[in-house]
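See below for the structure under consideration.
Read-outs throughout are calculated quantities, based only on the coordinates presented, and are distinct from any laboratory measurement. Just so you know, these numbers come straight off a predicted model, no measurement behind them. Neighbour counts are summed over all protein chains in view; Cβ atoms, including those assigned to glycine, are modelled from backbone coordinates with ideal geometry.
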Amino acid sequence: MHARIVCLILNSPTPATDTFGLMSQLVQTEPRIAHARLGFSQAASLWPLGLIASLSVWLYWSTIARLVHQWWRDPNFSHGFFVPLFSAFVLWRERDRLAHFAPRPSWSGLVAVVSGLGLLIAGQLGAELFLARTSLMLVLGGLVILYLGWNFFRAVLFPWACLILMIPIPSLILSHITFPLQLLVSRVSAGALERFGVPVGLEGNVLKLAAMPLEVAEACSGIRSLMSLVTLAIIYGYLMEKRLWVRWLLALASIPIAIAANCIRIIGTGLLVQYWDAEKAEGYFHASWGLIIFVISLLMLYAVHALINLIWREKSCGGTPRAIEEPQAVSNSRPRFALAVVLIAASAIFLQAHAHWEVFPPRLPLQSFPEQLGTWTGTDVTIPKDELAVLGPGEFLEREYQDQEESPPINLFVAYYPSQSTNDTPHSPQNCLPGAGWTPIENKRVTLTLPAHAPFPSNRYLVANGDVRQMVLYWFWAHDRGIASEYSFKYYLVKDSLTMRRSDGALVRLITGMYPGETAEAAERRLLPFASQIVPILDRYVPR
């Protein structure tokens, strides 16, 4: 700069005033040039991030859209809207501290990215939303490690881990959690009502009062408020408490608080039924209990925090200032950028192409399934619209078969899905029957050895509702293959999607009522002849 000015002065034939004018122009122009170069450099460093973000949105668009839709329609997980906002708030609040971290990129992040993309493909092909959604977290964490390093990932571990709260629990796991909670709330509420002088009998999750029975449904188990309350307890702990162990304690305390609050809900409803009006207890007051119980849960959470502060007072201590990390030389990021772009783009292209390559073989409609099977005569059963909405887009058959010996009828239900690539898949009876008031008594794996077919595993599921018992025999069926495990069914779904380009499959369920005192083995023997009638012809309706 200075040499350039001196050279111009010495060689310029112009007067001194012109020379000083030229110097002034150069001094004013140089900062603008430097500023323009800096802005261009910043833009050049941001465009790789923008490209990766755009590809990731393209890859996960359908997954995110379904997730938001479930937040909107499912009150159990409506808190999901607030979770990413809270994580973003934590990052914004910690922005000054994060600015002091020197990037230390690590190739180990590539392992997390590849694992996340593999999990996404398995989740999409296997119609398992939970895998596809958790893969988003894994890919996001892997990209942070790949570009910024483990030190930065540890710094953002809390907001990253909070994102798991926005992902709904899989229905199979949720059912295993919900029903024990229903039984627990039922037992506690029945015992409390007896102490209040209310005569009550307990059968599974049904409280039998003099005026009417009260069923502790899934919404009353505490699982709905539990998911929201855990999320709120974590947010509350982060904003109101600095001690890490207290934050953990508040999050864990939200579990018994949710259960206790829902016990209060059942006890209050029982008292209204006994001492006031059963119809009013089921109407407005029952609907408003949800909001009341959530407020009670918040007050209980605040009371727990106040008690902790009363016993263990927070000590004020000056924090040790964090040492600013020395910037280090960062290796060339182009290979990392290229690999991330190729992997994400290839995964998106593969999933898009696979959806268009799916094969749909010819078959007969389920409604043409024979009404006469040996000595059994069938009568169609109309499936309610609300149940059809839960089942999703598929083809369904429910038919009641009665034989000539006046034995209990057999209910046949077949749910066939021509494609499960849109995450519409058969629902296990272990999810829907307990939700309909049936208490599981026995769940056993049996092998069906039927004529004209190789043996295959099935589920023997014994349920009861009061004095009524039913024997349920069900299995998953696809491509002439009978499967008992829902997880194995997912595995074969991924395998067949890759090898056969097909994702069709079905659930076959048989139900028969049981005589008083009849054993499970005797009821199973009554179902087996009927099963031997339907299995040989299933391939006409659920193609090989």
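Ranking of Asp96, Asp496 by neighbouring Cβ atoms within 10 Å, starting from the fewest: Asp96, Asp496.
As a rough guide to protection, the peptides 501-508, 379-386, 85-92, 350-357 ranked by mean Cβ packing within 10 Å, highest first, stand as 501-508, 85-92, 350-357, 379-386. At a Förster distance of 41 Å, what's the computed FRET efficiency of Leu339 paired with Arg93, Cβ-Cβ distance as r, to 0.05? Rounded to the nearest 0.05, the efficiency is 0.80. When the charge dipole of the stretch 42-131 is built from unit charges on Cβ atoms (+1 for Lys and Arg, -1 for Asp and Glu) and taken about the Cα centre, the candidate among Phe130, Gly116, Phe101 whose Cα reaches farthest toward its positive end is Phe101. Using a cutoff of 8 angstrom between alpha carbon atoms and counting only pairs six or more residues apart, the relative contact order for the stretch 366-540 works out to 21 percent. Which distance in Å, rounded to a whole number, links the C-alpha centroids of the stretch 358-389 and the stretch 86-116? Comparing the Cα centres of the stretch 358-389 and the stretch 86-116, I get a distance of 53 Å.
If you plug the beta carbon distance of Phe158 and Ser407 into 1/(1 + (r/R0)^6) with R0 = 60 Å, you get a FRET efficiency near 0.45.
Label zone (Thr447, point 7 Å along Cα-to-C-beta; backbone nitrogen cut-off 18 Å) within the stretch 513-541: 525, 528, 532. Computed from point charges on the beta carbon alone (+1 for Lys and Arg, -1 for Asp and Glu), the dipole magnitude for the stretch 49-168 about its Cα centre is near 180 Debye.
Using C-alpha pairs below 8 Å separated by at least 6 residues, the relative contact order for the stretch 49-168 is 32 percent.
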